[in-house]
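**Q** Let me give you the structure first, and then I'll get to my questions.
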Amino acid sequence: MVAATLAASMLAGCGGGGQNAAEPKESSFEGSGEVNRFGWEKPKETLEISVLDASGYYAPLEAQEVGEENNLNYLLEEFNVKMNVEHVSGDGTEALNLALASGDYPDVITYVPFSMVEKFVRMGKAVELTPYMDTVGSDVKERMGDHYSLFLDDEEKLYYVPTLMGAIVELPDRCAHIRYDEWQAIGSPKIETPEDYYNALNAILEKFPTTPNGESRYALSFYSDSGHYTDPAMLSGFWGLKSGYKIDDEGNFTHWAFTDEGKEMTKYFNRFHLDGTLDPDSFANNYEQWQTKFSSERVVGCVGEWWITYNSGHEIWQSVDPDTPEDKRFIQIGFKDEDAENVYLSGKNYLGSYCTIITDKAKDPEAIMRFINFQATDMGTALTGWGLPNGTEIGDTGEEIKFWNIDEDGNWEVDPTAREQILNEQWSYDNAYYEEGMPWLFVDQSRWEDGEHNFWPNQMWYDENKWKSIMIENLKDTIYDSSALTLRVKTDEQKIAEQAVADAWKANWGAAVQANSDEEFEQAWKNLQSALTSAGVETLEKALSDNYKANMEKMEAQ
Amino acid sequence: MKEKMKHMIKSFNKQRQLWLLCIPIIIWVVVFAYVPMGGLIIAFVDYIPGMSIFDCEFVGLKYFRDFVMNPTFLQLLRNTLAMSLLSLTVGFVAPILFALCVNELNNKKFKTVVQTTSYLPYFISWVVAGSMIFIMLSNEGVVNDILLRIGLIDAPVPFLTEGKYYWVMYTLVNMWKATGWSAILYISAMSGIDTQLIEAGAVDGMTRLGVVRYVILPTILPTIVVQWIIGIGGILNAGFDQHLVLGNASTQAYWDVIDTYSYRYGIQLGYYSLGTAVGLMKSVIGVLLVWATNWFCRKKLDTAIF
């Protein structure tokens, strides 16, 4: 079917093959004069927007489907906006390529990878948004802030808004983890260096060598499958590298596998292997298999996203046994190699990874931009992230869930009960599906100007949550702005090099970590470097360096 | 020429009911097997989905060259050929031997149970099979546990994380899944053997092995040859989904085959031209091999597909 569609469209040339942006269209938007409680002026005639959510692999729970329907009905009633949303059940990029080939796509597409945005722009199928940014899109521009220039192309034109941008600056993304109760049991030693972490994990392993079921335990375990990798680029952050690269003062990048820091990092993990305390299936576990192992208490420590020990650890333990002691959980920690100037674990890319485009199919792009702009306001963000206000029925249970309230005059508050439940980690995310489901056209997850609220219901009031406070305190110096490091516009050669480099380290790094002697390690390290060189790591390094220098110039010129 | 034409029309008229039955299949083949071949042009241009072919830049054999000059090409070829050859030798012989064994069973009920059980694994999806294999072969898996308990090994054998085990594992797993299924064809070919031939052989003093050698094998030889020729044509198809399920980062140097490469670069990165070039190259080589094997079988075994 794919081949047939491609062949037919190719021979017919249904795309037309234009090289310019979609022609601007006059707006017929007319406000009714009625401004609703969220600050949105309802249109006189129903604004219809068709949306394709290209995030891919859409497999909703029943509650999520109900939630989306609730939200779309709410939009129609309260906003006079009729939104039709389609989702992609397979791979998003494949679906976009097919949509482009067949010419069958709607007014708006969300979750478009940057490489696909380029294709839509090149084909003249993406509407230029620059003219709206000082008028109906001003809130979006304000949200983009200092990074605005990085969203523009070489001709300073804007063709997309990020589907999800911004960052919670104090919230780390990645870290090391250690079991809190077990760490206390060994005397709560300070963990400031990789050596301290190694010693602490081994001390725990010595004290608690088996699980309550008598199974053996490992000091560390990794996982690797599509989309989830224990990534050496991140691990090298403990040794002072940024996003897996050493960046010199002139902005030149060197891949971690060609630095002393990268080698030292790999040797550090090899030491666990030589001790026999690294899970031998570290390079075979997929994420689900790793979760099973982890929730069975077979792993003493791990390195990765902060939430992995939440949903593989105490959240499972507490759901199985409500009497689980509060201290039986992992805490998130950071440490720094003694020779490193700083530790860089969480690169905050304010630009986001996916884009929303308005296509040439849209009859009134300006009107659509108005709605996108609404999502950039605080109330738009709240409605999109927190779900429907004032209570939503939980299926047919007769009960309600609500995160926030808003009255007719626009006065709002986070529901005190919901706040309490979030802080006590008793909030039901399953029930919340019924009130969530607003399509994300533009979301900024940064904290609002009030310094308190943001898009995510569970990412507020850290200082009132003991465990989040510990995490924030432990990892406060590990977060950095990686926006300028992000390479978005890539040539074919660079894209292929990027994929080949990823293939090369994935195929070779494990052998170095699992080397059984110094000689074996040196050979594996040479193999890794050689594979990366063949894959075109130099092409990638140069592209990243040039991109970084250009981005820094852009930001400085702004 | 006229005579030939007349003969064809006459033959068509005679078989018109059969041709009528074939119409839906012919339409299906034309629409889904021949029309898409027009898409092969993608391999020779810098194709952008949605753009007219006339606007795409003609690049000739660039994508073929890119693939062959790729630093991992030799590794891809090695893996593809190694696993294909294992399938064409060990994997090819296994269903024949299995079919011969099943054919020797006298108890009909037991024969049915064995046959049914043997092809059940074929219906297990690779995702489920992958999980089963992880449970069996991981460092803490059943196999290592048994080997450790009986003292055959001192430390677990890393079946899943050391590349050197991958090809063997792939072959064995494929055999487990496909032997029973592939044997159906041979068993049905054997069921058509005239029992009088076997009885005559027995009267002449043939052992069971002799019956197999002089009666059964020659009878199913055409089936074997057809399967062999088809197998040779697919020599560059060394599996796809099984590698994504069974393989991992540590073993990629041994499982990455032409199809998985083509998927990563052609589909995931959206380089349809590269993906099409690789596919076309494989198909051309496959067709050439089928012709050559067919010619060889006709010459040496007096049996061929065409």
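**Q** Report yes if some residue within the stretch B:238-259 is more than 14 Å from every other protein chain (Cβ to nearest Cβ), among the hydrophobic types (A, V, I, L, M, F, W, C), in a helix (DSSP H, G or I) and free of Cβ contacts under 8 Å to residues at least 24 places away in the same chain; otherwise report no.
**A** No; the residues of the stretch B:238-259 include none that is more than 14 Å from every other protein chain (Cβ to nearest Cβ), among the hydrophobic types (A, V, I, L, M, F, W, C), in a helix (DSSP H, G or I) and free of Cβ contacts under 8 Å to residues at least 24 places away in the same chain.
**Q** Report yes if some residue within the stretch B:295-302 is surrounded by fewer than 18 Cβ atoms within 10 Å (Cβ to Cβ) and either polar (S, T, N, Q) or within 21 Å of B:Tyr47 (Cα to Cα) (or both); otherwise report no.
**A** We begin by selecting, within the stretch B:295-302, every residue surrounded by fewer than 18 Cβ atoms within 10 Å (Cβ to Cβ); these are B:295-296, B:298-302.
Next cut, either polar (S, T, N, Q) or within 21 Å of B:Tyr47 (Cα to Cα) (or both) only: none.
No, that holds for no residue.
**Q** If you don't mind, another one. Report, by residue number, each residue of the stretch A:80-110 that is under 20 Å from the mean Cα position of the chain (by Cα), surrounded by fewer than 22 Cβ atoms within 10 Å (Cβ to Cβ) and either part of a strand (DSSP E or B) or facing chain B (nearest Cβ under 10 Å) (or both). Full working, then the answer.
**A** First, the residues of the stretch A:80-110 that are under 20 Å from the mean Cα position of the chain (by Cα): A:87-93, A:109-110.
Subsequent filtering for residues that are surrounded by fewer than 22 Cβ atoms within 10 Å (Cβ to Cβ) retains A:87-91, A:93.
A:His87, A:Asp91, A:Thr93, listed by residue number.
**Q** Looking at B:Leu86, B:Leu18, can you tell me which residue is away from chain A (no Cβ under 14 Å) and surrounded by fewer than 16 Cβ atoms within 10 Å (Cβ to Cβ)?
**A** So the residue among B:Leu86, B:Leu18 that is away from chain A (no Cβ under 14 Å) and surrounded by fewer than 16 Cβ atoms within 10 Å (Cβ to Cβ) is B:Leu18.
**Q** Restricting attention to the stretch B:99-135, which residues are surrounded by 11 or more Cβ atoms within 10 Å (Cβ to Cβ) and small (Gly, Ala, Ser)?
**A** B:Ala99, B:Ser118, B:Ala129, B:Gly130, B:Ser131, listed by residue number.
**Q** Can you name every residue in the stretch B:19-53 that is more than 30 Å from B:Ile9 (Cβ to Cβ), at pLDDT 90 or above and of a type in the set (Phe, Trp, Tyr)?
**A** B:Phe44
**Q** Of the residues in the stretch A:279-318, how many are of a type in the set (Gly, Ala, Ser) and within 22 Å of A:Pro212 (Cβ to Cβ)? Explain how you work it out, then say what you get.
**A** From the stretch A:279-318, those of a type in the set (Gly, Ala, Ser) are A:282, A:284, A:295-296, A:301, A:304, A:312-313; that's our starting set.
Going one step further and asking which of them are within 22 Å of A:Pro212 (Cβ to Cβ), we end up with A:295-296, A:301, A:312-313.
Of the residues in the stretch A:279-318, 5 are of a type in the set (Gly, Ala, Ser) and within 22 Å of A:Pro212 (Cβ to Cβ).
**Q** I'd like to check something: does the stretch A:280-292 contain any residue that is within 14 Å of chain B (Cβ to nearest Cβ), hydrophobic (A, V, I, L, M, F, W, C) and in contact with a helix residue (DSSP H, G or I) (Cβ under 6 Å, 6 or more places away or on another chain)? First the steps, then the outcome.
**A** First pass over the stretch A:280-292, keeping only residues within 14 Å of chain B (Cβ to nearest Cβ): A:280-292.
Then keep just the ones that are hydrophobic (A, V, I, L, M, F, W, C); that gives A:283-284, A:290.
Checking which are in contact with a helix residue (DSSP H, G or I) (Cβ under 6 Å, 6 or more places away or on another chain) leaves us with A:283.
Yes; the residues of the stretch A:280-292 include at least one that is within 14 Å of chain B (Cβ to nearest Cβ), hydrophobic (A, V, I, L, M, F, W, C) and in contact with a helix residue (DSSP H, G or I) (Cβ under 6 Å, 6 or more places away or on another chain).
**Q** Further question on the same structure: Looking at (1) more than 10 Å from every other protein chain (Cβ to nearest Cβ); (2) touching a residue at least 40 places away in the same chain (Cβ under 8 Å); (3) in contact with a helix residue (DSSP H, G or I) (Cβ under 9 Å, 6 or more places away or on another chain); (4) crowded, with 21+ Cβ neighbours inside 10 Å, find the lone condition where A:Gly510 falls short.
**A** The one condition A:Gly510 does not meet is (1).
**Q** Also: Taking B:Gly201 as meeting all but one of (1) modelled with pLDDT under 90; (2) out of contact with any Phe, Trp or Tyr (no Cβ under 8 Å at 6 or more places or on another chain), write down the number of the exception.
**A** Only one criterion in (1) modelled with pLDDT under 90; (2) out of contact with any Phe, Trp or Tyr (no Cβ under 8 Å at 6 or more places or on another chain) is unmet by B:Gly201, namely (2).
**Q** Only one of these is within 25 Å of B:Ile96 (Cβ to Cβ) and crowded, with 16+ Cβ neighbours inside 10 Å: B:Ile267, B:Ile216, B:Ile258, B:Ile230. Name it. Before the answer, list the steps.
**A** Details: B:Ile267 fails: within 25 Å of B:Ile96 (Cβ to Cβ); B:Ile258 fails: within 25 Å of B:Ile96 (Cβ to Cβ); B:Ile230 fails: crowded, with 16+ Cβ neighbours inside 10 Å.
So the residue among B:Ile267, B:Ile216, B:Ile258, B:Ile230 that is within 25 Å of B:Ile96 (Cβ to Cβ) and crowded, with 16+ Cβ neighbours inside 10 Å is B:Ile216.
Here is a yes/no grid of residues against (1) more than 14 Å from chain B (Cβ to nearest Cβ); (2) among the charged types (D, E, K, R); (3) free of Cβ contacts under 8 Å to residues at least 40 places away in the same chain:
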{"position": "A:Glu118", "(1), (2), (3)": "no, yes, no"}
{"position": "A:Leu129", "(1), (2), (3)": "yes, no, no"}
{"position": "A:Glu142", "(1), (2), (3)": "yes, yes, no"}
{"position": "A:Tyr148", "(1), (2), (3)": "yes, no, no"}
{"position": "A:Phe151", "(1), (2), (3)": "yes, no, no"}
{"position": "A:Lys157", "(1), (2), (3)": "yes, yes, no"}
{"position": "A:Val161", "(1), (2), (3)": "yes, no, no"}
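**Q** Quick check on the stretch B:146-161: of everything there that is within 19 Å of B:Val173 (Cβ to Cβ) and free of Cβ contacts under 8 Å to residues at least 12 places away in the same chain, which residue is farthest from the other protein chains (Cβ to nearest Cβ)?
**A** Among them, the one singled out is B:Ile146.
**Q** Turning to a different aspect of this structure: Is at least one residue of the stretch A:451-459 without any contact (Cβ under 8 Å) to a residue 24 or more places away in the chain and assigned by TED's automatic domain parsing to the domain that holds A:Ser138? So that I can check it myself, show each step before the final result.
**A** First pass over the stretch A:451-459, keeping only residues without any contact (Cβ under 8 Å) to a residue 24 or more places away in the chain: A:451-452.
Narrowing the set further to residues that are assigned by TED's automatic domain parsing to the domain that holds A:Ser138 leaves A:451-452.
Yes: one or more hits.
**Q** Here's another thing I want to ask about it. Need pairs with beta-carbon distance below 9 Å; first residue closer than 18 Å to A:Gln291 by Cβ and at the interface with chain A (Cβ under 10 Å from one of its Cβ atoms) and within the stretch B:131-142, second of a type in the set (S, T, N, Q) and part of a helix (DSSP H, G or I); sequence gap 6+ or separate chains.
**A** So the pair list comes out as B:Ser131/A:Gln289; B:Phe134/A:Gln289; B:Ser138/A:Gln289; B:Ser138/B:Asn144.
**Q** Tally time: how many residues in the stretch A:374-405 are in contact with a helix residue (DSSP H, G or I) (Cβ under 6 Å, 6 or more places away or on another chain) and over 18 Å from A:Glu78 (Cα atoms)?
**A** So the count comes out to 3.
**Q** For the stretch A:140-159, how many residues meet the condition of being surrounded by 21 or more Cβ atoms within 10 Å (Cβ to Cβ) and under 28 Å from A:Asn458 (Cα atoms)?
**A** The total comes to 4.
**Q** Could you please find all residues in the stretch A:394-407 being surrounded by fewer than 12 Cβ atoms within 10 Å (Cβ to Cβ) and modelled with pLDDT of 95 or more?
**A** Across the stretch A:394-407, the qualifying residue is only A:Asp407.
**Q** Taking B:Thr276 as the residue in question, decide whether it is among the polar types (S, T, N, Q) and over 30 Å from A:Asn516 (Cβ atoms).
**A** Yes, satisfied.
**Q** Taking B:Ile96 as the residue in question, decide whether it is surrounded by fewer than 15 Cβ atoms within 10 Å (Cβ to Cβ) and either in contact with a Cys (Cβ under 7 Å, 6 or more places away or on another chain) or at pLDDT 90 or above (or both). Give the steps one after another, and end with the answer.
**A** Details: surrounded by fewer than 15 Cβ atoms within 10 Å (Cβ to Cβ): no; either in contact with a Cys (Cβ under 7 Å, 6 or more places away or on another chain) or at pLDDT 90 or above (or both): yes.
When the stated conditions are applied, B:Ile96 does not pass them.
**Q** Here's a check for you: in the stretch A:1-36, which residue that is in contact with a helix residue (DSSP H, G or I) (Cβ under 8 Å, 6 or more places away or on another chain) and modelled with pLDDT of 80 or more is surrounded by the fewest Cβ atoms within 10 Å (Cβ to Cβ)?
**A** A:Ser28
**Q** Still on this structure, please answer the following. Which one of these is closer than 30 Å to A:Phe335 by Cα, away from every other protein chain (no Cβ under 14 Å) and without any contact (Cβ under 8 Å) to a residue 60 or more places away in the chain: A:Glu498, A:Glu473, A:Glu420?
**A** On the way: A:Glu498 fails: away from every other protein chain (no Cβ under 14 Å); A:Glu420 fails: closer than 30 Å to A:Phe335 by Cα.
Result: A:Glu473 is the single residue among A:Glu498, A:Glu473, A:Glu420 that is closer than 30 Å to A:Phe335 by Cα, away from every other protein chain (no Cβ under 14 Å) and without any contact (Cβ under 8 Å) to a residue 60 or more places away in the chain.
**Q** Condition test on B:Met169, is it of a type outside the set (S, T, N, Q), touching a Gly at 6+ places or on another chain (Cβ under 7 Å), crowded, with 16+ Cβ neighbours inside 10 Å and under 30 Å from B:Asn103 (Cα atoms)?
**A** Numbers: of a type outside the set (S, T, N, Q): yes; touching a Gly at 6+ places or on another chain (Cβ under 7 Å): no; crowded, with 16+ Cβ neighbours inside 10 Å: yes; under 30 Å from B:Asn103 (Cα atoms): yes.
Spelling it out, it is not the case that B:Met169 is of a type outside the set (S, T, N, Q), touching a Gly at 6+ places or on another chain (Cβ under 7 Å), crowded, with 16+ Cβ neighbours inside 10 Å and under 30 Å from B:Asn103 (Cα atoms).
**Q** If you go through the stretch B:66-73 one residue at a time, do you hit one that is among the hydrophobic types (A, V, I, L, M, F, W, C), surrounded by 17 or more Cβ atoms within 10 Å (Cβ to Cβ) and more than 7 Å from every other protein chain (Cβ to nearest Cβ)? Please lay out each step first, then the result.
**A** Filtering the stretch B:66-73 for residues among the hydrophobic types (A, V, I, L, M, F, W, C) gives B:67-69, B:73.
Okay, now just the ones that are also surrounded by 17 or more Cβ atoms within 10 Å (Cβ to Cβ), so B:67.
Next, from what is left, pick out any that are more than 7 Å from every other protein chain (Cβ to nearest Cβ): B:67.
Scanning the stretch B:66-73 turns up at least one residue that is among the hydrophobic types (A, V, I, L, M, F, W, C), surrounded by 17 or more Cβ atoms within 10 Å (Cβ to Cβ) and more than 7 Å from every other protein chain (Cβ to nearest Cβ).
**Q** Working only within the stretch A:177-228, note down all residues that are in a loop (DSSP other than H, G, I, E, B), of a type outside the set (Phe, Trp, Tyr) and away from every other protein chain (no Cβ under 14 Å).
**A** Start the filter on the stretch A:177-228 by keeping residues that are in a loop (DSSP other than H, G, I, E, B), which leaves A:186-193, A:208-209, A:211-215, A:217, A:221-223, A:226-227.
Remaining after also requiring of a type outside the set (Phe, Trp, Tyr): A:186-193, A:209, A:211-215, A:217, A:221, A:226-227.
The answer is A:Ile186, A:Gly187, A:Ser188, A:Pro189, A:Lys190, A:Ile191, A:Glu192, A:Thr193, A:Pro209, A:Pro212.
**Q** If only one of A:Lys348, A:Lys336, A:Lys361 is out of contact with any strand residue (DSSP E or B) (no Cβ under 6 Å at 6 or more places or on another chain), of a type in the set (Lys, Arg) and surrounded by fewer than 19 Cβ atoms within 10 Å (Cβ to Cβ), which one is it?
**A** Values: A:Lys348 fails: out of contact with any strand residue (DSSP E or B) (no Cβ under 6 Å at 6 or more places or on another chain); A:Lys336 fails: surrounded by fewer than 19 Cβ atoms within 10 Å (Cβ to Cβ).
Going through A:Lys348, A:Lys336, A:Lys361 in turn, just one is out of contact with any strand residue (DSSP E or B) (no Cβ under 6 Å at 6 or more places or on another chain), of a type in the set (Lys, Arg) and surrounded by fewer than 19 Cβ atoms within 10 Å (Cβ to Cβ): A:Lys361.
The values are calculated or read from the model by the stated rules, or taken from the named source; none is laboratory data. Note that the structure is predicted; figures quoted are calculated from it, not measured. Note that each Cβ is placed from the backbone with ideal geometry, even for glycine, and that neighbours are counted across all protein chains shown.
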